[in-house]
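J.: Okay, here's the structure, questions in a sec.
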Amino acid sequence: GGHTAVSLFYVSHKIYAGKPGLAGLPATFGDENACETLELFCEDPVLGLKVTLLYTAFSDVDVITRSVRIENDGEMLYLTKALSFSMDMDNRDFTLLTMHGSWARERMLEHRKVKKGFMGVESVRGESSHQEHPFMALAAGNADQSQGEVYGMHFVYSGNFIGQVELGQFDTVRVGMGIHPENFCWKLEKGDSFQTPEVVLVYSDTGYDGMTHQFHELYRNHLIRSEYKDKKRPILINNWEATYFDFNTEKLLSIAKKAAELGIEMLVMDDGWFGHRNDDSTSLGDWYVNEEKLNGGLKHLVDEVNKLGLKFGIWFEPEMISPDSKLYEAHPDWAIQIPGRKPVKGRNQLLLDFSRKEVVDAVYEQMCQVLDQGNIEYVKWDMNRNMTEIGSPAWPAKKQKEVAHRYMLGLYKILENLTSNFPNILFESCSGGGGRFDGGMLYYMPQTWTSDDTDAIERLKIQEGTSLVYPTSAMGSHVSAVPNHQVHRMTPLNTRGVVAMAGSFGYELDITKMTDEEKEEVKSQVELYKNIRSTVQFGDLYRLKSAFNSNEVAWMNLSKDGKKAVVSYVKKYAEPNVIPGRLKVKALNEEALYEVIETGEVFGGDELMYIGLEIGELTGDYQAKSWTLRKID
Ligand code: GLA
C-alpha cells in the first residue's frame, strides 16, 4: 500500500539444545552440548508477516548470537530495513570502540564517549571494507584492557553493514547492527522469506582482553570450519613483494629451494600466473596458466616445489573481470554495471555479477580445473575492488536493490562448494590486504592476509586492532624486505620477525637476494616460530602495552594449559638517557616458577607479573625483543 510500518506481536516460542544453520549464510555453530537456542515467533497480523527472532547462548563462552527470519504470509511487500539485532541498555557512561582505516592502514582503534544522538559505523562498498569494520564495543565506565565490563558486537557478514548507537532522551542507549538499508530493498511475495545474517554479542567483565578471549574462543571453536581449524598453519613464502608480476618457473623454484633450506614450509605463487597478465590491467577471469611464464606447466611447478619438501599455494581473484580478458569478450554482461553508463574501474577491473548462478558456476568450473592439476594445498582468494554502480541484467527493476546481497549469497555459495570439494586446501582470504577481514569470510577461510602494509612498525597497530576480534591464527603476517615497499622504512630483521610472529607467520621477499648472515637469521626465526607456533596460534592473547598510545608495544601469548608463554616487545623510537625498563606480564601463576628459555634464568610468576622482565639495553630505533617462558612443574 506504500506505507512503511510493522508491528510484531508474540505468538509462541521454543527452546532447544544446539543451533540451526542459517540458509546460505555463514554463521557460528555448536552442538547440543555447546549451546541452546531460543526461537521467538512473532506476527504482524495486518501484513501477515511472520518473524522469528533467533537467539543462541553458548555455554563455553559468554556469547549470544542473534538473527532474524522473516516470512511473508500476506500480500506482496518490500523489506527496506532488516537489522539483525537491536537492544536497549541503560547508559553506563559508555565509551564506544570502533575500527577505522584505509588501504594499508586497516583497523585503527577509535574510542569515543557515547553522547546524545547517533554514532556508529557503516559500509556501502559491497564489502566489510578497509575503511570501517562491522564491529562495535561498548565499554562501561572506567573499563580498560584488563578490567571492567565490555559488550562487543560483531556482524558475521562480508557485505554492506550498519552499526548504530543512539543515546536517547531518557538516557538509554539503543544499539543495533545489520545489513545496511542503503541500496537494499527485498521483494517478498506471499510465501517468500528472508534470513538476516547473524550478529555475535560478547560480554566481558575483564575488559578488552576478556572480550578478545571470548571472540577468539568462539571463532576458533564455533565459526572456523576448515580442517585447518586446529592445525598448525604452515610457514609460507609468498612471491608478491619478491617479484610482483615478473616471475617464471625458474625464479619461483630458486626461491623455493632457498626457502626449503631455511625450513620454510610452503611456497605461494601470487598474482600473474594466468592469461597474459604482466601488470594489473588484464586477464582477470581467464584462469588458465600462462605457459610462457610457467614453462613446463602448473603441475610441473607444483611437483618440483613438492620435491623440495614444500607445499604449494596459488593466488586467485575469482570475483573479478578485466575488460581486457577473453571472459569479457565472451560475456560483457557478466560484469556488474548500469546499462548506458560507462562503468568506473577500480584497479582497471570490474566486478563479476555473482548474483547470477551461471557466473558463479563458470568461475567455479575454471577454478576446479586449475586446482585439479596438481597437489595444491593453499589458495589465496583475493578481491581488489569495491562494488559500485550496481546493476545486473539478470534481475527486473524492482529487484535491482537485491543485487548487493544476492552477490554475497553467490559468493558464499561458491565458497561453500569449493571448501567442501577441496577440504584439504588451506584457504586464505584477502582484499587488497585486510579489506574483507570479517566473520563471514572466516567461516569459509580460516585465515586472512591482514594488510598490504608489511612494515613492522605500521603492523603493530594493524595487528593490535585486528587481534581484538580475530584469532591470531587467522592473521597472516609476513616478514618483508627493507626499505619497506609501503612506507620505505628500514627496520631490523629481528624486529620484522618478532612482529610477524604475532600471527600466522611467513615471508614476502626475495630470499635469494639476502646475505648469508640474513639467511642464517631467517633460519633461526623459522626454528623459533616452529617452537612457539602452537602457543601463538592457539593460546590466549594478552596486550601488555598498546601500539595506540605508547612508544613501547608489547603483547603476550599464553598456551591454554598455562605452561608456555611468548612475550614480545617492540620499542618504536630510541630515547636518550633512560634506564633499561621492565615489562610486566599477565595471567601467570603467582606461585609457580618460570624459566626464560633464552637465558635459562628462573623467576617466580609473581616476579614476572609485578616486577617484570628486564628489557635490557636496546640501541637505535625500531628495536624488538621476545622471550619464551616455560612453567616449571
Ligand atoms: C592484493 C593483495 C596482495 C597481492 C596483490 C596481487 O593487493 O593484497 O597481497 O596479492 O593483490 O595483485
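Bear in mind that the values in this text are calculations on the coordinates, not laboratory data. The structure displayed is predicted, hence computed values, not measured ones. Here Cβ is always computed from backbone atoms with ideal geometry, including for glycine, and neighbour counts include all displayed protein chains.
J.: In nm, to one decimal, how far is the modelled label at Ala397 from the one at His276, with both set 7 Å along Cα→Cβ?
T.: Computed distance between label sites Ala397 and His276 equals 4.2 nm.
J.: Short version: ³J(HN,Hα) in whole Hz for each residue of segment 197-206, in order, from phi by Karplus 6.51 cos²θ - 1.76 cosθ + 1.60 (θ = phi - 60°), x for Gly and Pro, what are they?
T.: For segment 197-206, the Karplus-derived couplings read x, 9, 10, 9, 10, 10, 10, 9, 10, 10 Hz, x marking Gly and Pro.
J.: Can you give the FRET efficiency to the nearest 0.05 for Phe9 and Val344, using r as the Cβ-Cβ distance and R₀ = 56 Å? Mind showing how you got there, number by number?
T.: On the way: r = 46 Å, r/R0 = 0.82.
Efficiency, from the Cβ-Cβ distance: 0.75.
J.: Quick one: which residues, 5+ away or cross-chain, put their amide H under 5 Å from the amide H of Lys19? H built at 1.01 Å from N.
T.: Amide H to amide H, under 5 Å and 5 or more residues apart or across chains, Lys19 pairs with Gly30.
J.: Reported to two decimal places, what Rg/Rh ratio describes the chain when computed on Cα atoms with Rh from the Kirkwood expression? Before the final figure, lay out the partial values.
T.: On the way: Rg = 25.0 Å, Rh = 25.7 Å.
Result for the chain is an Rg/Rh of 0.97.
J.: Report, largest value first, the span of the C-alpha coordinates of segment 1-149 along each principal axis, in whole Å.
T.: Computed over segment 1-149, the largest-to-smallest principal extents equal 47, 44, 33 Å.
J.: Let me spell out the model: positive unit charges on the Cβ of Lys and Arg, negative unit charges on the Cβ of Asp and Glu, origin at the Cα centre of segment 62-184. What dipole size does that give, in debye rounded to 20?
T.: On the way: 12 positive and 17 negative charges, 65 e Å.
The calculated dipole for segment 62-184 is roughly 300 debye.
J.: What value, in deg cm²/dmol to 500, does the helix sum -39500 (n - 2.57) over DSSP H runs of n ≥ 4 give at 222 nm once divided by the residues of the chain? If you can, show how the numbers build up before the last one.
T.: Values: 12 runs with 138 residues, N = 633.
My calculation for the chain gives -6500 deg cm²/dmol from helical runs alone.
J.: For segment 517-628, restrict the atom set to alpha-carbon positions and state the Rg and Dmax in Å.
T.: Calculated on Cα positions, Rg and Dmax stand at 14.4, 42 Å.
J.: Residue separation times 0.36 nm, minus the C-alpha to C-alpha distance between Asp516 and Ser102: what's the value?
T.: Length difference between fully extended and current span is 145.4 nm.
J.: Can you list the DSSP H helices in the chain whose Cα atoms extend at least 24 Å along the helix axis and whose mean Kyte-Doolittle hydropathy is 0.0 or higher? Let's see the in-between values first.
T.: On the way: long enough: 403-421 (26 Å, 0.05); 516-538 (33 Å, -1.20).
Going by DSSP H runs, the hits are 403-421.
J.: Please compute one quarter of the surface area of the Cα convex hull for segment 385-457 and express it in square nanometres. Display every interim value, and only then the final one.
T.: Details: hull surface 26.4 nm².
Taking a quarter of the hull surface, the average projection is 6.6 nm².
J.: Under the 0.36 nm per residue contour assumption, what length would be gained going from the current alpha-carbon distance of Cys185 and Met609 to full extension? Before the final figure, lay out each step's value.
T.: Numbers: separation 424, 0.36 × 424 = 152.64 nm, distance 5.44 nm.
Taking Cys185 through Met609 to full extension adds about 147.2 nm, to one decimal.
J.: Another one. Going 7 Å from the Cα of Met76 toward and past its Cβ, which residues in segment 175-196 have a backbone nitrogen under 20 Å from where you end up?
T.: 184-195
J.: Roughly speaking, what is the stretch gain from Lys299 to Asn424, that is 0.36 nm per residue apart minus the C-alpha to C-alpha distance, in nm to one decimal? Could you put the intermediate results ahead of the total?
T.: Numbers: separation 125, 0.36 × 125 = 45.00 nm, distance 1.76 nm.
Using 0.36 nm per residue and subtracting the Cα-Cα distance, I get 43.2 nm.
J.: What are the lysines whose alpha-carbon lies under 29 Å from the alpha-carbon of Lys50, with same-chain residues fewer than 8 places away excluded?
T.: Lys14, Lys19, Lys81, Lys187, Lys190, Lys357, Lys398, Lys399, Lys401, Lys413
J.: Dipole of the chain (Lys/Arg Cβ +1, Asp/Glu Cβ -1, origin at the Cα centre): which of Ser534, Pro45, Phe422 lies farthest to the positive side?
T.: My answer, from the dipole projection, is Pro45.
J.: Still on this structure, I have one more. In nanometres, what is the gap between the two model label sites at Asp205 and Thr172, each 7 Å from Cα along Cα-to-Cβ?
T.: That separation, rounded to one decimal, is 2.4 nm.
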